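Please read through the structure below; I'll follow up with questions.
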Amino acid sequence: MKTLPFLHSHSYTGNVETPVAYSYIRWSSAVQGEGDSLRRQKHLAEQWCKENGVRLADDKIMVDAGVSAYRGKNLKEGAISAFVNAAKDGYIAKGSYLLVESLDRLSRMRTVEVLAVFLEILRAGIVLVTLGEESERLFRWEDINERDLEDAIDEMKSSHRFVQKLSRRVKDSWVGRTKDAREAGRHIPGNPPAWLYELNGELHMDEAKLAIVQRIFDMCISGLGITAIAQILNKEGVPLLAKHKRKTIKNRSDFWTVTSVAYVLRSKAVFGEYHPKDGDPWIAFPPIVAKEDYYRAEASRAMRHMVAKGRTGKHYTNLFKGIAKCHYCGEAMNIKDGRNQKQPNKALQFRCRGVGVKACSHKPWNYEVFESAFLSVVREIDTRAVIGDGSESKLAEITKQLQALQGERSNLMKVEETYLSAIEKTPDIEPIYQARVRSNRQKLDAINAQAKVLEVERNKVHAERSASNELLPVELPKDAKIRAKVAEHIRTIVECVTLKRDGTSKFGSSFTVHFAGGGIRTVHVDYTNPKKPYAVTRGFKGIDIIPDDLATATGLGDWILTETIREVDWMVENGGKAGLEGAKRVIGRMEEVQASIERQARELGFR
């Protein structure tokens, strides 16, 4: 609700010898404000005060700019609301005047609602004056009679009927224009996206704005967040797509913000769709971004929102923000930079967040050791294709398709949440919305089926390439943009990575990768040579890599057994019935791994 500044600088305790006039001016739209509305209403107030010997101070002019009175918004949070409350509380001197052009400036709500405000003003001792050429009237509580009330009520009724009629006309016109545009498969005149403009009834492309929109999508898909995108655009002096026309809205920026970037990324007009408030969308505009790329950007934003909150740093050091978790307590793994002037080359630590608050005793990793081991072994991460060395692989293409499906799935899930929320708030609409929910779920089922097919195909391609050693690990450049793209690529393939490290044994460093869509892989890292792990197990049911010598194989097997016993003891002691079930699963997995290692070791002549 507005406050009136002059109430803080003036104090009134009774009637004044020279009454004070308060002018209230309101208009509904920016167009009216840019036109004659303010000048006309202000002139009427000044002229009346001059003719009647009443003082009108500039600081007592109240303006509700761009505030509609049809639904009473000005009476709930506008200047007139503050004035009425101040008058009732005694902050406005009795006998003062409230000047309005006409009663419809107060409100265009139903007559009974406007009448209540009208009487409140008079009962507070305020003299209400209407200044219109044909309706100049003065209403005072002591003098008002039935004829005055009837005239006021007639004006209120006329005002409400007029705005109702106008509202129906506007709505009918919009419905008609929408129907015509839908049937013709074209845009609604006068309402194009910012990168298009109309000339002689035809849409034309603004090539400069087209390039800006496409670049925003490219940056989002490559892994940059909306804050980073806005910073880059502002740093380069890229102009906004459109200036805000509504001058009455405060805090409208002339530079890129997270809101303006997000608005572009959410607009389905980029692939041609127009979404009316009611009814289904249709293709109304020329597409400037592929639909697949729109949903890839959607998936990218959703993934960052879920798992990668917080700053990524100037050099995008941490490729695993939000997906790397501690094996022991489940907290996030974060980079701790301990470098200083005395130790400028100190290794970056990858540390459990629980350690910082003394809630976990997980030994930290050397971040570069973990990153090197991960990229060397998890070959689903096609770094060559991500970096862009000219070999756009089939694996990368499958990943793009999966990312687009994830974005479409995310969008459909938001739509379903909206439907279910509407049904919960208004149960009567359930029969109408249930059909939409069913249709939405059918689309979700189709997307999930497509995703499963692609995941199977991706696993097959990976297996073939792994066998042929086609995907060799690549050293990542230090460039932040490239690292952001790699991080985004990792998040489309990996759901989470759990890390464990025990400094009492050289076999104590391992991590388990949980892939999106199912499947896990555990990597037992040689800390002195991270690109060549001791062993890699696939889902506890098979071995990708086993130790090269008998002593290492035996030592690793013994360590896995020791660690399993520790975890089983902890689960039994702390987990109750669920802990017992977990212990059984861990023992079963350990037995599978042990048996697989022993079998392959015998085949290689180790045992």
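None of the figures in this text is laboratory data; all of them are computed from the coordinates on show. Predicted model, so just to flag it, every value in this text is computed and none were measured. A quick note on method: Cβ atoms are made from the backbone with ideal geometry, for glycine too, and the neighbour counts reach across all protein chains shown.
Go through 149-161, 218-230 and give me the packing order, highest mean Cβ count within 10 Å leading.
Order by mean packing, descending: 218-230, 149-161.
For the range 196-289, divide the Cα radius of gyration by the Kirkwood radius and give the resulting Rg/Rh value with two decimals.
Working: Rg = 14.4 Å, Rh = 14.7 Å.
In the range 196-289, Rg relative to Rh is 0.98.
So what J values fall out for the range 223-232 if you push phi through Karplus, 6.51 cos²θ - 1.76 cosθ + 1.60 with θ = phi - 60°, rounded to Hz, Gly and Pro as x?
x, 7, x, 5, 5, 4, 4, 4, 5, 5
Moving on to the next point. Pop a pseudo-label 7 angstrom from the Cα along the beta-carbon direction at both Asn145 and Asp445 and give the gap in nm to one decimal.
That separation, rounded to one decimal, is 7.7 nm.
Determine, for Thr111, Thr504, the number of other Cβ atoms within 10 Å of each Cβ, and report the residues in order from fewest to most. It would help to have the intermediate numbers written out before the result.
Working: Thr111 19, Thr504 9.
Listed from fewest to most nearby Cβ atoms, that is Thr504, Thr111.
Hey, what do the phi angles of the range 360-366 turn into as Karplus ³J(HN,Hα) couplings, whole Hz, using 6.51/-1.76/1.60 and θ = phi - 60°, x for Gly and Pro?
Ordered by residue, 3J(HN,Hα) equals 8, 10, 4, 6, x, 9, 6 Hz.
Okay, moving on. Can you list residues whose amide H is under 5 Å from Gly508's amide H, if they're 5+ apart or on another chain and H is modeled 1.01 Å from N?
The answer is Asp502.
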